[in-house]
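Engineer: After the structure tokens below, expect a handful of questions from me.
Please treat every number below as a calculation from the coordinates, not as lab data. Because the structure is predicted, anything quoted here is derived from the model rather than measured. Quick reminder, even Gly has a Cβ in these numbers, built from the backbone with ideal geometry, and neighbours come from all protein chains shown.
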């Protein structure tokens, strides 16, 4: 029997969202899922897999045959393929073998799911190999690409996947206040150039900080919009800021951030990138 666990707020929101897409038959062909810890979070990944395979909501997983559950949890289920790095990388030959195996019809006439751990370890060759699956998706094949940082994944892969997150965000009081002030800059971008030096010197001093802070803004906006959709409560201070911004503007800001952040992986002029990002946010607003 499956023992239902007490879930953190982040994981509850993750499964609330998955319940919604199960209810509405909106399973995507490919997901990038950010996680904190493989040892802990793989339990949730395999719950997601079961929900896809058997079209069950999270609180309905107890209904699945216990023998089948054991096959899945022990990586013995024929329609699930787990790929892990071979040495330091996910290698091209691993993905070629996956494509060959999944070119055959499912023995169980069900969806087939492949899970790639440490998907940021795909290089250009292995990334190009998997693109065929992502660019020409088949209805019965679902990809789950796991990573601890979506922006470490090749941009060509990232742009073709829906992003979900199991990452916990524990903000201390001081950090929360700093983040709230930073968030105000992002969603009120016209103030950026008025306080340019203050902003650069205090909030996004280099590429790595920018990736972290703007990634956090991205996650916060997504969580806020999801919470509005599900009618759930949200951090009062942050909710007060975001509630003053029209939803279409938030979606525009989100789209700009999502498209611009991966560019930090390249050898670009950081200050020019910041100026370009906020110019686009101003135009978008």
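Engineer: Among 154, 82, rank each residue by its count of other Cβ atoms within 10 Å, from fewest to most, as a rough exposure measure.
Structural biologist: Details: 154 20, 82 15.
Fewest-to-most ranking of 154, 82: 82, 154.
Engineer: Still on this structure: For the stretch 173-284, what is the per residue volume of the convex hull drawn over the alpha-carbon atoms, in cubic angstrom?
Structural biologist: 98
Engineer: At a 10 Å Cβ-Cβ cut-off, how would you order 186, 209, 153, fewest neighbours first? Numbers along the way, then the final one.
Structural biologist: Details: 186 23, 209 11, 153 26.
Arranged by neighbour count, lowest to highest, 186, 209, 153 become 209, 186, 153.
Engineer: Moving on to the next point. I'd like the Kirkwood hydrodynamic radius of the stretch 9-165, using the inverse of the mean 1/r over distinct C-alpha pairs, in Å.
Structural biologist: Values: mean 1/r = 0.0629 Å⁻¹.
Taking every pair of different Cα atoms in the stretch 9-165, averaging 1/r and inverting gives 15.9 Å.
Engineer: Could you work out the helix-only [θ] at 222 nm for the chain, with each DSSP H run of four or more residues adding -39,500 (n - 2.57) and the total divided by the number of residues, to the nearest 500 deg cm²/dmol?
Structural biologist: Details: 12 runs with 150 residues, N = 285.
Dividing the helical sum by the residues of the chain leaves -16500 deg cm²/dmol.
Engineer: Can you put 220, 105 in order of Cβ neighbours within 10 angstrom, beginning with the fewest? Present the calculation step by step, with values, prior to reporting the outcome.
Structural biologist: Details: 220 22, 105 9.
By the 10 Å Cβ count, ascending, the order reads 105, 220.
Engineer: Here is a follow-up. Taking the chain as the reference, fit the longest principal axis to its C-alpha atoms, fit the long axis of helix 270-284 to the helix C-alpha atoms, and give the angle between the two in degrees, 0 to 90, nearest 10.
Structural biologist: Computed tilt is about 90 degrees.
Engineer: Which angle between 0 and 90 degrees, to the nearest 10, do you get for helix 124-135 versus the longest principal axis of the chain when only C-alpha atoms count?
Structural biologist: The answer is roughly 80 degrees.
Engineer: Can I ask one more? Compute the helix-to-body angle for 247-260: its Cα long axis versus the longest principal axis of the chain, expressed 0 to 90° and rounded to tens.
Structural biologist: Once rounded, the angle reads 80 degrees.
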